[in-house]
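Presented below is the structure to which this report refers.
The values are calculated or read from the model by the stated rules, or taken from the named source; none is laboratory data. As the structure is a computational prediction, the values presented were derived from the model and not from experiment. Here the Cβ positions follow ideal geometry from the backbone for every residue, glycine too, while neighbour counts run over all protein chains shown.
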């Protein structure tokens, strides 16, 4: 099985320092829906792993988060893609939970649920937290320059093995071109 | 601002409670349901202040789950808020409460005229007999009985042992159990003066039919639903610690 793990804010949709608190505030980054469709059509299971501390901060509740994700899933479907599962962490740093990125709890949960090892599984994000979580879980870190990506690229802590792409569309192009016989497949 | 709002709330409670308790005492000769209607206004006023001054509102999920007959409510207990809000959310109800509450000046005197099952916490098995006898009589009269199986208020994200008294009452009386989850403690913590503005979510679960079930099984099912619902609605209260 081919798996790809995506961060949400700043990768699939435009990020906001004020958080995405309602379905109306969820706006796809141009080309991201089509990129997910392409990954789907190339046989990837697309899984989202996203920090959503807005829940713990009381900015929105679970019903609202589910409504936001409904919109995301619907729009991806409309573009011909499919999101297989969404994993989220509702906590804040102070909770010291295992799921909040840069910890690798969510990615390990994905590995356990799908019964696969994450070695070589591409994990795409725009923040250092996403990249660090990917490295901690043994996945292959891909940085996109949308969202916080431009800042993250300049961060000296960025792991050396990080592959960098303009946006999700470019990353998806690389993954789908490279799939044939290249070893980015797992399981 | 939050402190100022809390002071207004305290002032209103301090102002209305003595006259209300006198009115409550004066209702003693009236039928139980009339006394209930009068005394429950106290909670309406306090909730009005909470909503409009402290900006603490609520929403209810699963109202369609309420059975058509009187039932035993087994609910999470996180704050004083739910003891008042339940009076607006559920049909006329009696509370299982510790006897010492009835000795609180004014508040307790009024509460004593409100339908209740007051138990002596030290009494052990006798306390259960009181719940079964008095609770059974109240349910037959058509009142609902509210039990907080964890016994006392707990902080968000924590669970105390679910005691079996409420489930035993359902098993003995045949009344269905309505499990209730909510997050009032997220806004109003036990022992805290500060009340954070926001919206409490109260979720009412499918009624549990006690026929053919032991009290322990009823208790387990109620706990499973409540604790599962708490984690579904409020996952941010239940972080799994990093190893």
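Taken together, the residues in region A:152-162 that are surrounded by 14 or more Cβ atoms within 10 Å (Cβ to Cβ) and free of Cβ contacts under 8 Å to residues at least 24 places away in the same chain amount to 1.
Got a number for residues in region B:59-77 being touching a strand residue (DSSP E or B) at 6+ places or on another chain (Cβ under 9 Å) and closer than 23 Å to residue B:127 by Cβ?
Step one: list which residues in region B:59-77 are touching a strand residue (DSSP E or B) at 6+ places or on another chain (Cβ under 9 Å), which gives B:59-67, B:70-76.
Remaining after also requiring closer than 23 Å to residue B:127 by Cβ: B:70-76.
Of the residues in that region, 7 qualify.
Over 23 Å from residue B:201 (Cβ atoms), crowded, with 18+ Cβ neighbours inside 10 Å and modelled with pLDDT under 95, is that true of residue B:121? Considered against the rule, which asks whether it is over 23 Å from residue B:201 (Cβ atoms), crowded, with 18+ Cβ neighbours inside 10 Å and modelled with pLDDT under 95, residue B:121 comes out as no.
Does region B:196-208 contain at least one residue that is within 30 Å of residue A:59 (Cα to Cα), in a helix (DSSP H, G or I), within 14 Å of another protein chain (Cβ to nearest Cβ) and touching a helix residue (DSSP H, G or I) at 6+ places or on another chain (Cβ under 9 Å)? No: region B:196-208 contains no residue that is within 30 Å of residue A:59 (Cα to Cα), in a helix (DSSP H, G or I), within 14 Å of another protein chain (Cβ to nearest Cβ) and touching a helix residue (DSSP H, G or I) at 6+ places or on another chain (Cβ under 9 Å). Filtered by the rule that a residue be touching a helix residue (DSSP H, G or I) at 6+ places or on another chain (Cβ under 7 Å) and more than 14 Å from chain A (Cβ to nearest Cβ), region B:217-243 gives B:218, B:219, B:222.
Please pick out the residue among A:68, A:83 that is modelled with pLDDT of 95 or more, surrounded by 15 or more Cβ atoms within 10 Å (Cβ to Cβ) and assigned to a helix (DSSP H, G or I).
On the way: A:83 fails: assigned to a helix (DSSP H, G or I).
When all the criteria are applied, what remains is A:68.
For the subset of region A:36-53 comprising residues that are part of a loop (DSSP other than H, G, I, E, B) and surrounded by fewer than 22 Cβ atoms within 10 Å (Cβ to Cβ), which member is nearest to the other protein chains (Cβ to nearest Cβ)?
First, pick out the residues of region A:36-53 that are part of a loop (DSSP other than H, G, I, E, B): A:42-43, A:52-53.
Filter once more, keeping what is surrounded by fewer than 22 Cβ atoms within 10 Å (Cβ to Cβ): A:42-43, A:53.
Numbers: A:42: 33, A:43: 31, A:53: 8 Å.
In this case the residue turns out to be A:53.
Taking the conditions exactly as written (part of a helix (DSSP H, G or I), away from every other protein chain (no Cβ under 14 Å), buried (at least 19 other Cβ atoms within 10 Å of the Cβ) and at pLDDT 95 or above), does residue B:170 satisfy them or not?
Numbers: part of a helix (DSSP H, G or I): yes; away from every other protein chain (no Cβ under 14 Å): yes; buried (at least 19 other Cβ atoms within 10 Å of the Cβ): yes; at pLDDT 95 or above: yes.
Taking the combined requirement at face value, the residue satisfies it.
Taking the criterion of being assigned to a loop (DSSP other than H, G, I, E, B) and either away from every other protein chain (no Cβ under 14 Å) or without any contact (Cβ under 8 Å) to a residue 24 or more places away in the chain (or both), the residues of region A:100-144 that qualify are A:115, A:116, A:117, A:118, A:119, A:120, A:121, A:126, A:127, A:138, A:139. When the criteria are applied in full, residue B:185 meets the requirement of being within 14 Å of chain A (Cβ to nearest Cβ) and in a helix (DSSP H, G or I).
Does residue B:156 count as buried (at least 18 other Cβ atoms within 10 Å of the Cβ), under 29 Å from residue B:5 (Cα atoms), within 14 Å of chain A (Cβ to nearest Cβ) and touching a residue at least 60 places away in the same chain (Cβ under 8 Å)?
On the way: buried (at least 18 other Cβ atoms within 10 Å of the Cβ): yes; under 29 Å from residue B:5 (Cα atoms): yes; within 14 Å of chain A (Cβ to nearest Cβ): yes; touching a residue at least 60 places away in the same chain (Cβ under 8 Å): yes.
So residue B:156 passes the test.
Within region A:69-99, being within 8 Å of chain B (Cβ to nearest Cβ) and either closer than 14 Å to residue A:26 by Cβ or in contact with a strand residue (DSSP E or B) (Cβ under 7 Å, 6 or more places away or on another chain) (or both) holds for A:91, A:96, A:97, A:98, A:99. Of the residues B:55, B:69, only one is modelled with pLDDT of 95 or more and more than 24 Å from residue B:140 (Cα to Cα); which? Going through B:55, B:69 in turn, the sole match is B:55. A single member of B:173, B:211 is in contact with a strand residue (DSSP E or B) (Cβ under 9 Å, 6 or more places away or on another chain) and over 21 Å from residue B:159 (Cβ atoms), and it is B:173.
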